[in-house]
Amino acid sequence: MTPSLNAYVILSAALFAIGFLGVLIRRNTLVIYMCLELMLGAATLALVAFSRFNGTEDGDIFVFFILTVAAAEVAVGLAIIVALFRLRQTIQVDELDSLKR
Amino acid sequence: MESIAFVILSALTLACALGVVLGKNAVNGAMCMLLCLAGIAGLFVQLRAFLLAFVLILVYGGAVVMLFLFIVMLLDMQGGQPWRFRRAQVVGTLVSAALLICGLNLLTVRGRLPSPVPPAAGVGSSLSYYAYQLFTTYMLPTQVIGFLLLIAMLGVIVLSRRHRDPADS
Amino acid sequence: MDAVNTALFCLLVPLASAALILLFLRRAGGAAAALSTLAATAVAAAALDLAFSGARGHASWEWIRFGSFAISIGVRFDDLAALMLGIVGVVGLCVHVFSLGYMHEDPARPRYFGGLSIFMCSMIGIVLADNLFMMFMFWELVGFSSYFLISHWHERLSASDAAKKAFITNRVGDFGFMLGIILCYWKNGTVDLAELQAHAGAGHLVYSRAIPLLLFCGAVGKSAQLPLQVWLPDAMEGPTPVSALIHAATMVAAGIFMLCRIQVLMVPPALTVISWVGTLTAVYAALCAVTQRDIKKVLAYSTLSQLGYMVAAFGLGSSAAAMFHLTTHAFFKALLFLGSGAVIHACHHEQDIFRMGGLRTKIPVTFWTFTIGVAAIVGLPGLAGFFSKDAILVLAYGHSPAIFAVLALTAVLTAFYMLRLWKLVFLGAPRSEAAGHAHEGGITLTAPLLLLAALAVVGGYWAQVYPAGLRNVFAALPEAEGATHTIIFGTSLLVLILGAGSALAFYASGPEDTLETRAPAVFSFLTALRTSFDAAYDTYVAKVQQRVALALNFLDVIALGGGVIRGLCAGTVEMAGFWVRTLHTGRISTYVYWFLGGVAVLWAFAAGVL
């Protein structure tokens, strides 16, 4: 018996929420970034589930693109983080508050 | 059978996701992320998106998480609290969570998602079909992604240069 | 050129002269003086030509229009305007010529002559105005010219204070004038003099007591009647030719001229008020003049007194008598002022009469012309002042015995103080160094005196000497016949002998005021009378006005500005800004929390929960 679409959607939502929670509460920038990737993964899961249940494969192809973009984004983001570390000697987000009023 | 697999895979995914979020060590977090990706790949297989599952493992797990690990070990930050709570943020979080749960509830109770419709029979992940689609229907996004990757590469090179003094060139 | 164009020429030539002086001749004293005098000559020539040729005319151009309300500029050149223009032209010319000599060493000559030209333009504007709005505009301009010229020696604090006082007091009167104009427009729908005349003829002019009385306020200010007479004595701070032109002959007469123009609006109750105001001013000023030491202040109070006569004459119902006295007064008062200017010039700017004396032999031309002026003002039979004052006394005798008695008393006082002045200045022995070395000024100082003396002599014979057109203005002069004639004539003579004789007998030619030494109580009473008005205004300003101003200032700056605007409005904005600023914590997590909140709300909307 295939799990229903609802199950996949709820799973995806839960994964997304966990990822968001990580973004909210973690101090290490890299861990925050990883949680961002978690959220992306949840989104891809939902996309594939919906496309399957609509009887098509276009969702898969879209996931391709998402994966590519995620990879590029991670590369650039990590480069930024490394540059930031060189400048500020820290990657804890609550120490990076130069925009404070 | 399929539902049991589904339950196990989703449990694995969620548990590892929590491990990433709540683990103190960044390296442990990266490891958990890998396992989480494995779970998602399993779910993809269950949805009969075989190619996608492997691509996920290869690209995401093999490249992205590896990169993460490299950088974590490069930067090698130790110590400090993993997380902290502020009162206002806790309240905000609880309220937002409540709203989200309400939304989810509505989705399940009143949502018009189709009742279990099995995935279409002839649908499988045929590589030729993907390739055909990529180079005809989705030609434009493909090219644009190419540009994107080029620019990302250039951006990374620029960003990771050290600033040198004009004196010693 | 026809009348209207010539009149406009008279209006615009002094304006052009003033503009040229302002733009190009600010440092060229001689050139400015010459240009201004040339303009005055042209105006005088044109005015005399118009007076003698009898050309008259009327024209009007619309200037501003707001829907159904329009202000127009126009020329109403009738006999009255011709007479007034003639006076302004002739006296203006004499003053300009006199100024050439009097102000010769003054470093700010261009400014002075520019001011004289502006004044001539403004005064002619009042004379030619055909509607009350235009008259008001030029009224204000004349007030400005007066301010400008009084404060000519503005380095002296007293001069600039006097100019301010003149302007502000005039402003108070002008406020009433403006209210009167507005009321007239509201009730009658027009302020054009010709249209008002037509309305009156057709019988649907709206008569009210308020309109003429409010318009009279303008005359009270400009012609220095009680209670706004305080500015005229102080205005003597200006140069003497200015006093002659503005504060004796023309500007202060503008009030009388205006009253004659609006005669059609008068009602008997208003006329009674006007006549009493004039009478009281006349007697008050005459009393104040008795104790003055400064030659110009005596003449200033004398002017006030004679203006009171004119206003009383108008109030008693005869504008012809008022205009007649205005004409003769212009001649002999300008003569007296210019004569005093010559005396001051001769004594090297000494103005205290108790430091003069014995000038009869030193400056004979000035002496004889001044004597003619004095004789005219006290009403020596045969000279100009006699006829005009007689006309007013006849009028008063016919209408109101009380006013007649007061005016007769004023005539006694007039003779008294004028002869006092004459005796102390010219007779006796010189009482100071400067008086001992007095010498006559040049031709520019004496020629105007001679001309004005001639006019003072013949000016009373209006039926014989005046051109045809101007005679119409005086056609309605009250004539006395029979018993009344004898009574009035006798009264005039009695007044003259009484006043002149007592002055000549009483005052000794010494360095102190005989009245002060022999009757100190009377002297101090008269001095108190003079300063009482200034003291009253001072008290009012200090006690009432200042307090109101301070209260309003508190309301505005502290209550409104501080409390409401900076406290309430700006304060609220500041608090809001302060609160918004706290949102910028600089921490990423805070911003992400806000994201979460936003997403939750959006989802709730989309799901239909909210």
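The values are calculated or read from the model by the stated rules, or taken from the named source; none is laboratory data. None of these values were measured; they are calculated from a predicted model. Here Cβ is always computed from backbone atoms with ideal geometry, including for glycine, and neighbour counts include all displayed protein chains.
Taking C:VAL172, is it touching a Lys or Arg at 6+ places or on another chain (Cβ under 8 Å) and of a type outside the set (Phe, Trp, Tyr)? Walk me through how you get there before you give the answer.
Working: touching a Lys or Arg at 6+ places or on another chain (Cβ under 8 Å): no; of a type outside the set (Phe, Trp, Tyr): yes.
Spelling it out, it is not the case that C:VAL172 is touching a Lys or Arg at 6+ places or on another chain (Cβ under 8 Å) and of a type outside the set (Phe, Trp, Tyr).
For region A:81-94, check the following and say yes or no: at least one residue is more than 14 Å from chain C (Cβ to nearest Cβ) and crowded, with 19+ Cβ neighbours inside 10 Å. Explain how you work it out, then say what you get.
Of all residues in region A:81-94, those more than 14 Å from chain C (Cβ to nearest Cβ) come to A:82-83, A:85-87, A:89.
Filter once more, keeping what is crowded, with 19+ Cβ neighbours inside 10 Å: none.
Looking for residues that are more than 14 Å from chain C (Cβ to nearest Cβ) and crowded, with 19+ Cβ neighbours inside 10 Å, one finds none in region A:81-94, hence no.
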Please go through (1) farther than 23 Å from B:ILE57 by Cβ; (2) surrounded by 23 or more Cβ atoms within 10 Å (Cβ to Cβ); (3) of a type outside the set (S, T, N, Q) for A:LEU5 and return the number of the only condition it doesn't satisfy. (2)
Determine which member of the set C:GLY143, C:GLY114 is within 12 Å of the chain's Cα centre (by Cα) and touching a residue at least 24 places away in the same chain (Cβ under 8 Å). C:GLY143
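Looking only at helices (runs of 4 or more DSSP H) that lie completely in region C:510-606, which have at least 2 residues being more than 31 Å from the chain's Cα centre (by Cα), more than 14 Å from chain A (Cβ to nearest Cβ) and at pLDDT 85 or above? I'd like the intermediate steps shown before the answer.
Numbers: elements: C:514-518, C:520-539, C:546-553, C:570-582.
Passing ranges, in order: C:546-553, C:570-582.
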Return the total of residues in region C:83-116 being in contact with a Phe, Trp or Tyr (Cβ under 7 Å, 6 or more places away or on another chain), in a helix (DSSP H, G or I) and of a type in the set (A, V, I, L, M, F, W, C). 1
Show me the helices (runs of 4 or more DSSP H) entirely contained within region C:302-416 in which 1 or more residues are under 19 Å from C:HIS485 (Cβ atoms) and touching a Phe, Trp or Tyr at 6+ places or on another chain (Cβ under 9 Å). C:319-346, C:384-399
Kindly list, by first and then second residue, each pair from a residue in region A:41-67 that is within 7 Å of chain B (Cβ to nearest Cβ) to a residue that is of a type in the set (Asp, Glu) and part of a helix (DSSP H, G or I), limited to pairs with Cβ atoms under 8 Å and residues at least 6 apart or on different chains. A:VAL48/A:ASP60
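Residue by residue, here is whether (1) crowded, with 24+ Cβ neighbours inside 10 Å; (2) touching a residue at least 12 places away in the same chain (Cβ under 8 Å) holds:
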residue: C:ALA108; (1), (2): no, yes
residue: C:PHE119; (1), (2): yes, yes
residue: C:LEU132; (1), (2): yes, yes
residue: C:TYR147; (1), (2): no, yes
residue: C:LEU157; (1), (2): no, no
residue: C:ASP161; (1), (2): no, yes
residue: C:GLY180; (1), (2): yes, yes
residue: C:ASP192; (1), (2): no, yes
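Is it the case, given these coordinates, that C:LEU20 is farther than 14 Å from C:VAL90 by Cα and surrounded by 14 or more Cβ atoms within 10 Å (Cβ to Cβ)? Even if it seems obvious, please write down each step before you answer.
On the way: farther than 14 Å from C:VAL90 by Cα: yes; surrounded by 14 or more Cβ atoms within 10 Å (Cβ to Cβ): yes.
Considered against the rule, which asks whether it is farther than 14 Å from C:VAL90 by Cα and surrounded by 14 or more Cβ atoms within 10 Å (Cβ to Cβ), C:LEU20 comes out as yes.
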Looking for something closer than 19 Å to C:ILE295 by Cα, surrounded by 14 or more Cβ atoms within 10 Å (Cβ to Cβ) and either of a type in the set (Val, Ile, Thr) or touching a strand residue (DSSP E or B) at 6+ places or on another chain (Cβ under 9 Å) (or both) - is there at least one such residue anywhere in region C:481-500? no
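Go through C:LEU280, C:LEU226, C:LEU271 for me and flag whichever is modelled with pLDDT under 90 and either part of a helix (DSSP H, G or I) or surrounded by fewer than 24 Cβ atoms within 10 Å (Cβ to Cβ) (or both).
Details: C:LEU280 fails: modelled with pLDDT under 90; C:LEU271 fails: modelled with pLDDT under 90.
Going through C:LEU280, C:LEU226, C:LEU271 in turn, just one is modelled with pLDDT under 90 and either part of a helix (DSSP H, G or I) or surrounded by fewer than 24 Cβ atoms within 10 Å (Cβ to Cβ) (or both): C:LEU226.
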Leading residue by the ranking (surrounded by the most Cβ atoms within 10 Å (Cβ to Cβ)) among those in region B:1-52 that are of a type outside the set (A, V, I, L, M, F, W, C) and within 9 Å of another protein chain (Cβ to nearest Cβ): B:THR13
